[in-house]
């Protein structure tokens, strides 16, 4: 299996397009074709993350659309010196998802009604399957190297969309402990994954 | 808050697990703490690997909708690097920098007001992207109005409030800075006072934020800030009120 087909986003990007950073530079100059290619690269990560946090497929689609349009709108402001493109985009995606969680906690009923009425739900089962690949394996491996409290603190916040107070409540731990476990958990994850902030 | 305590917030911050008020406070700290910014950048890369790990193909029709929307969406202009800040006589940079929070400081530069020492201000480019970006632009546009006026004052309850208003545009932006954190059942509430000294509510506010007020600016003579029980009051609690005259 070639490395390319092992990725969960196997649509092949025009090899002449160059790196995501090159694509982004073209997007910043208003190139819609480059944006379409960037979409193919990034939308699965954006949608996957938002979906993981929000669960609701209709809402996840809506927020994914917002984020991808925001990527287009603010492409000129991306600064490669300050972090990877994926991280920039996923940071936006995560924030939007969390904003949605916090602002709509009270209107869950309405959202459920919207979801039930949406035809998107049919697509649901198909979309659920995430292709395994090296990166996913690596993340899984590194997560398993965290202590249980670190892992739960990090994943309840990141995937669960909970605030640290809510996480502390769920794990029956002190606020200061949870804050610290989130930090040292991420530090261990960083060291295991060998990522840098640029 | 002690330094190690603030530093421990990098984790919850990167995970977006801080409540709004603590997030704002931490971002203010980030602007002055280089080691924190570096750590945030690294931890953010690590956290976002968790995002990549759950990649899922979106429903195919979404792409067409996104492409259709970008076709009608104007892109923001690039930020022009502030490598040649010029100082205009008569505009003292230091007080401007102190009185305005980090976000609005940035907007002043964007509005063409020259400010010295623009380097060294860390702006969280992620926040810049969405709501803050929009706020900055709104503020810059308002400051550029020929009839723009600003007024500011210290609140009785602590912190500062600044109002930038343009009666011609019937718009105002209120910037709040360093307001003390309130108990969970309390909120700040903003009011505009008319000539007969009646206060009209223009919304609730948290500790550190900017609020756009559209409409109802004409004929108003002062900004009022009070502390009220949630979810806000129809009549101001005058014992907590600070009134900042606009003229």
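The values are calculated or read from the model by the stated rules, or taken from the named source; none is laboratory data. Just so we're clear, the structure is a prediction, and the values are computed from it rather than from any experiment. Here the Cβ positions follow ideal geometry from the backbone for every residue, glycine too, while neighbour counts run over all protein chains shown.
Within the range B:178-200, the set of residues being in a loop (DSSP other than H, G, I, E, B) and buried (at least 19 other Cβ atoms within 10 Å of the Cβ) comprises just one member, B:179. Under the condition of being closer than 23 Å to residue B:168 by Cβ and under 23 Å from the mean Cα position of the chain (by Cα), the residues counted in the range B:195-220 number 12. Candidates in the range B:19-40 are the residues that are surrounded by fewer than 21 Cβ atoms within 10 Å (Cβ to Cβ) and at the interface with chain A (Cβ under 8 Å from one of its Cβ atoms); of these, the one that is farthest from residue A:42 (Cα to Cα) is B:19.
Here is a list: B:27, B:42, B:69. Which entry is assigned by TED's automatic domain parsing to the domain that holds residue B:15, modelled with pLDDT of 50 or more and farther than 30 Å from residue A:62 by Cβ?
Going through B:27, B:42, B:69 in turn, just one is assigned by TED's automatic domain parsing to the domain that holds residue B:15, modelled with pLDDT of 50 or more and farther than 30 Å from residue A:62 by Cβ: B:42.
Residue count for the range B:49-82 satisfying the condition of being in a loop (DSSP other than H, G, I, E, B) and facing another protein chain (nearest Cβ under 7 Å): 13. Considered as a group, the residues in the range A:32-46 that are without any contact (Cβ under 8 Å) to a residue 24 or more places away in the chain and in contact with a helix residue (DSSP H, G or I) (Cβ under 7 Å, 6 or more places away or on another chain) include one that is surrounded by the fewest Cβ atoms within 10 Å (Cβ to Cβ), and that residue is A:32. Considering only residues in the range A:152-166 that are closer than 21 Å to residue B:54 by Cα and in a helix (DSSP H, G or I), the one that is nearest to the chain's Cα centre (by Cα) turns out to be A:158. The number of residues in the range A:38-82 being more than 9 Å from chain B (Cβ to nearest Cβ) and farther than 19 Å from residue B:56 by Cβ comes to 2. Is it the case that some residue within the range A:141-149 is within 19 Å of the chain's Cα centre (by Cα), at the interface with chain B (Cβ under 10 Å from one of its Cβ atoms) and at pLDDT 90 or above? The answer is yes, given that some residue of the range A:141-149 is within 19 Å of the chain's Cα centre (by Cα), at the interface with chain B (Cβ under 10 Å from one of its Cβ atoms) and at pLDDT 90 or above. Please verify whether residue A:91 is surrounded by fewer than 23 Cβ atoms within 10 Å (Cβ to Cβ) and assigned to a helix (DSSP H, G or I), treating the condition exactly as stated. Against the criterion (surrounded by fewer than 23 Cβ atoms within 10 Å (Cβ to Cβ) and assigned to a helix (DSSP H, G or I)), residue A:91 does not qualify. A single entry from B:216, B:203 fulfils the requirement of being in a loop (DSSP other than H, G, I, E, B), under 25 Å from residue B:135 (Cα atoms) and out of contact with any helix residue (DSSP H, G or I) (no Cβ under 9 Å at 6 or more places or on another chain): B:216.
If you go through the range A:48-75 and keep only what is free of Cβ contacts under 8 Å to residues at least 40 places away in the same chain and either outside the structural domain of residue A:85 (by TED's automatic domain parsing) or assigned to a helix (DSSP H, G or I) (or both), you end up with A:60, A:62, A:63, A:64, A:65, A:66, A:67, A:68, A:69, A:70, A:73.
Here is a check on your reading of the model: is residue A:118 surrounded by fewer than 19 Cβ atoms within 10 Å (Cβ to Cβ) and modelled with pLDDT of 75 or more? Here the answer is no, as residue A:118 does not meet what is asked.
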